[in-house]
Amino acid sequence: MSRRWIQNPNRCSDEYFDGIEDFIEFARRQNPGATRIRCPCRKCNNTLWETIENVGFHLVRNGMIETYSIWNLHGEQLDHASSSNATRMDSVEPIVDHNDQVMDIIEDVFPFASTNISNEREDDVPTPIDSAEFEQYEKLLKNANQELYPGCESFSVLTAIVELMHGKIKYRMSNLCFDYFLGVFKRMLPTDNCLPKDHKQAKKVLNGLGLGYEKIHACKNNCMLFYKEHETLDTCLICNESRFKMTSQNRTTKIPQKVMRYLPLKPRLQRLYMSTHTATDMRWHKEKRVDDDVMRHPADGEAWKEFDRTFPEFAADPRNVRLGLATDGFNPYGVLNQHHSTWPIFVFPYNLPPWKCMKKNT
């Protein structure tokens, strides 16, 4: 059975889907009755166990490890020759250096700063950089180069924080839970370690990476936002409701009646093109999508094609961003507060491949 499909970059092709089906069938046959198997996708790297259904989804979304052509971890029997061949193949599996990945992130966020530093001996005139922005860059660079503790070669301070925060989000840890384990890790490490003591300090270190959010005060009755030209007002222009809660006169800070958290869209779209890892994906819908009349992505739909015919100039440049917008209300407090309702608004780019812009139904 040919396994060339593993090297196929087009994970929407029939060859790739057929290959995944062959692998799933092989895994079921070799592991009868098993509900979970090792996941050979590039993200799980045969170290995590998933349900067979999830493994198939991971392989579509993340791709299979390109060197995993002998499925010995899923029951394939090897003779001595093929075993030695598998050893050679495993030995060339690329080793991911998390410190290098973090440095790549910093260079993506501050491309002009890193370019200026690398070209500081050349005769070219350096690109002007905002002083506050460069200060943030220097702080991140310092944490990226600082060892987690003296003699630690595996993790810098910034790498450790990024890894821990990634785990917090991936496994939906609360801030209290994260603070507890961060404290445990800090006590486990040598006493002169530089690990932050809690979630608040960790967030301060990552603030320089940008993509934060703005807090905008809102009227208690949802009449208006105290934003831009209305930022200095203390009462609503519509209902005259006070912007702030009634508190003790001795209190130095004012507490707003209602706050809206706004995640600016423009810098997030810019970041997608600043990063070398996502800039190519943003053109996937035009350059790598297989047009075979099979509905796998919004770009295969008639609405997308009609839009392209209506606005040919926009459609001519694959870098132009196609956004989808959705909102829905929910009550995070359940039956405890019947009067509360939250309406988050989500905006997502459909330029990306389906395994990055859509989620499989569960």
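The values are calculated or read from the model by the stated rules, or taken from the named source; none is laboratory data. What you see is a predicted model, and the numbers here were worked out from it, not measured in a lab. Ideal geometry is used to build each Cβ from the backbone, glycine not excepted, and the neighbour counts take in all protein chains shown. The area values use the complete protein model at the heavy-atom level, side chains included, leaving out ligands, DNA and RNA. Shrake-Rupley method; radii C 1.70, N 1.55, O 1.52, S 1.80 Å.
Can you tell me which residue within the stretch 149-168, out of those that are among the polar types (S, T, N, Q) and crowded, with 17+ Cβ neighbours inside 10 Å, is nearest to Ile105 (Cα to Cα)?
The residue in question is Thr159.
Going through the stretch 29-47 one residue at a time, which ones are out of contact with any helix residue (DSSP H, G or I) (no Cβ under 9 Å at 6 or more places or on another chain) and over 20 Å from Asn8 (Cβ atoms)? Show your work before the answer.
First, pick out the residues of the stretch 29-47 that are out of contact with any helix residue (DSSP H, G or I) (no Cβ under 9 Å at 6 or more places or on another chain): 29, 32-33, 45, 47.
Those that are out of contact with any helix residue (DSSP H, G or I) (no Cβ under 9 Å at 6 or more places or on another chain) and over 20 Å from Asn8 (Cβ atoms): Arg29, Pro32, Gly33, Thr47.
Taking the conditions exactly as written (touching a Phe, Trp or Tyr at 6+ places or on another chain (Cβ under 9 Å), under 26 Å from Phe346 (Cβ atoms) and of a type outside the set (S, T, N, Q)), does Leu272 satisfy them or not? No: the conditions fail for Leu272. In the condition set (1) within 30 Å of Ile105 (Cα to Cα); (2) surrounded by 13 or more Cβ atoms within 10 Å (Cβ to Cβ), Ala218 is compliant with all but (1).
Residue-by-condition table, conditions (1) open to solvent by 50 Å² or more (accessible area, probe 1.4 Å); (2) closer than 20 Å to Lys356 by Cα; (3) basic (Lys, Arg); (4) outside any loop (DSSP other than H, G, I, E, B):
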| residue | (1), (2), (3), (4) |
| --- | --- |
| Ile20 | no, yes, no, yes |
| Phe26 | no, no, no, yes |
| Gly33 | yes, no, no, no |
| Asn54 | yes, yes, no, yes |
| Leu59 | no, yes, no, yes |
| Tyr68 | no, no, no, no |
| Leu73 | yes, no, no, yes |
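In summary, Pro9 fulfils each of the numbered conditions (1) part of a helix (DSSP H, G or I); (2) more than 25 Å from Lys170 (Cα to Cα) with the single exception of condition (1).
Those helices (runs of 4 or more DSSP H) of the stretch 259-345 in which at least 1 residues are among the β-branched types (Val, Ile, Thr), considering only elements entirely within it, cover 276-279, 302-310.
Residue check: Trp49 meets all listed conditions (1) closer than 29 Å to Asp293 by Cα; (2) open to solvent by 30 Å² or more (accessible area, probe 1.4 Å) but one, namely (1).
Could you tell me whether the stretch 204-211 includes any residue that is without any contact (Cβ under 8 Å) to a residue 24 or more places away in the chain and either within 28 Å of Leu352 (Cα to Cα) or in a loop (DSSP other than H, G, I, E, B) (or both)? Let's see the steps before the verdict.
Taking the stretch 204-211 and keeping what is without any contact (Cβ under 8 Å) to a residue 24 or more places away in the chain, we get 204.
If we keep only those that are either within 28 Å of Leu352 (Cα to Cα) or in a loop (DSSP other than H, G, I, E, B) (or both) as well, we get none.
For the stretch 204-211, residues without any contact (Cβ under 8 Å) to a residue 24 or more places away in the chain and either within 28 Å of Leu352 (Cα to Cα) or in a loop (DSSP other than H, G, I, E, B) (or both): absent.
Taking the stretch 169-196 as the range and being open to solvent by less than 30 Å² (accessible area, probe 1.4 Å) and either within 26 Å of Cys44 (Cβ to Cβ) or in contact (Cβ under 8 Å) with a residue 40 or more places away in the chain (or both) as the test, the residues that pass are Phe178, Leu182, Val184, Asn193, Leu195.
The residues of the stretch 293-326 include none that are in contact with a helix residue (DSSP H, G or I) (Cβ under 8 Å, 6 or more places away or on another chain) and of a type in the set (Ser, Thr, Tyr). Does Ile216 satisfy being in contact (Cβ under 8 Å) with a residue 40 or more places away in the chain, part of a strand (DSSP E or B) and of a type outside the set (Phe, Trp, Tyr)? Yes: the conditions hold for Ile216.
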